[in-house]
Amino acid sequence: MSVTVGVIGIDHRHIYGQLAGMLSEGATCKGWWTEGEPQPLAGFVKRFPNVPRVADRRALLDDAGIDLILLADVPALRAERAIEAMRAGKDVMTDKPGCTTLEQLEAVRRTVAETGRIWSIDFSERFEVPSVTRAAELVHAGAIGAVVQTVGLGPHRLNEATRPAWFFEEAGYGGILCDIASHQIDQFLIFTGAADAAIVHATVGNFANPDRPGLQDFGEILLRSDRAQGYVRVDWYTPDALPNWGDGRLTILGTEGYIELRKYVDVAGRPGTDHLFLVNGERCEHIDAAGWPLTYFADLARDVRDRTETAMPQAHCFKVMELALRAQAQAVRRGFLR
């Protein structure tokens with residue numbers, strides 16, 4: 001059985017990876033809908049010229065031949081769109097954040113329980129990054145012993161001129177910890193093996209954009225589980241000289257070694273992406289992990305078919321968003337924030 005998908009909302013460029021990933025696994029796309037003319041539209045049409053636009057999203061929701069809805073609508077609308085899709089009998093893959101309030105998350109939980117549908121968030125900084133897959137295999141094989149701490153850094157380029165109005169309003173995007181830091185929380189839980197964590201401390205701030213008081217351009221979280229610690233830093237400060245959108249990094253500290261990932265660029269000069277550095281009692285080396293296979297999209301297609309949870313346990317998906325939202329709610333606010 002091949003999976004048939006429909007797209008609702010293309011307000012974020014992450015939809016490119018979501019749809020391309022499913023198509024690469026043999027899925028077909030019957031159509032897409034979005035409100036108005038969001039900035040990613042031209043790029044979407046260029047990448048997927050043969051997928052038709054529909055005038056009403058109900059055409060996709062009411063189509064019994066569609067199994068999975070891909071969502072990248074305005075963040076504050078994603079929970080509503082997902083609930084609508086699940087009640088129409090569709091599974092859902094949404095861009096992060098999957099929701100922007102704890103109330104929305106609870107409504108999604110209830111809908112999943114009532115409908116039995118899948119609500120999956122494409123945490124692209126794990127699922128679309130080969131070096132993270134390779135690091136997970138090394139950690140699970142015991143290459144660095146028991147994981148004690150993760151340090152996840154998620155810098156991003158602001159690109160202010162191309163951003164829509166909702167990007168600068170906390171109610172629209174949910175706050176920087178809800179949005180970007182959900183990636184790093186996901187990786188903390190995965191690499192430490194924790195099912196839950198406490199938010200020890202959180203901060204959000206606006207230090208560089210006083211004319212945009214609704215924008216949080218900096219955020220940090222200190223996490224603690226029953227077995228490990230985690231630090232997260234996210235920001236919108238990527239300098240113009242960097243050749244890509246952000247120098248995303250992850251350091252995984254174990255009792256017998258450590259792994260550092262430079263996911264998107266190595267500022268030391270090595271070309272390409274997915275640089276993995278492994279240091280333990282026997283090895284001190286750089287590993288080019290760019291070609292390591294990704295599994296999320298194939299696993300999700302199988303889950304849609306077999307009603308399994310191989311791509312990501314549903315409980316984990318809920319927990320990541322719960323922690324991100326709790327961190328956002330309790331964060332100390334600093335700088336020029338409204």
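The values are calculated or read from the model by the stated rules, or taken from the named source; none is laboratory data. Bear in mind that the values here come from a model prediction, so they are computed numbers and not experimental data. Note that each Cβ is placed from the backbone with ideal geometry, even for glycine, and that neighbours are counted across all protein chains shown.
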Among the listed residues ALA171, ALA136, identify the single one that is at negative phi, surrounded by fewer than 16 Cβ atoms within 10 Å (Cβ to Cβ), touching a helix residue (DSSP H, G or I) at 6+ places or on another chain (Cβ under 7 Å) and in a helix (DSSP H, G or I).
ALA171
Output the number of residues of segment 12-44 satisfying the condition of being assigned to a loop (DSSP other than H, G, I, E, B) and under 20 Å from TYR173 (Cα atoms).
9
Failed criterion for THR238 (all others in (1) buried (at least 17 other Cβ atoms within 10 Å of the Cβ); (2) in a loop (DSSP other than H, G, I, E, B); (3) touching an Asp or Glu at 6+ places or on another chain (Cβ under 6 Å) hold):
(3)
Whichever residue in segment 235-265 is among the charged types (D, E, K, R) and either touching a Lys or Arg at 6+ places or on another chain (Cβ under 9 Å) or not assigned by TED's automatic domain parsing to the domain that holds THR203 (or both) and, among such residues, is farthest from GLN184 (Cα to Cα):
ASP240
Report whether or not VAL151 is touching a Phe, Trp or Tyr at 6+ places or on another chain (Cβ under 7 Å), at pLDDT 95 or above and of a type in the set (Val, Ile, Thr).
yes
Please tell me if ALA208 is more than 20 Å from the chain's Cα centre (by Cα) and free of Cβ contacts under 8 Å to residues at least 40 places away in the same chain.
yes
Checked pairs for segment 60-73, first touching a residue at least 40 places away in the same chain (Cβ under 8 Å) and within 20 Å of GLU35 (Cα to Cα), second part of a loop (DSSP other than H, G, I, E, B) and acidic (Asp, Glu), C-beta under 9 Å and 6 or more apart or across chains, list as ALA72/ASP11; ASP73/ASP11; ASP73/GLU35
Scan segment 279-288 and tell me whether some residue there is surrounded by 21 or more Cβ atoms within 10 Å (Cβ to Cβ) and either of a type outside the set (Val, Ile, Thr) or not assigned by TED's automatic domain parsing to the domain that holds ILE15 (or both).
no
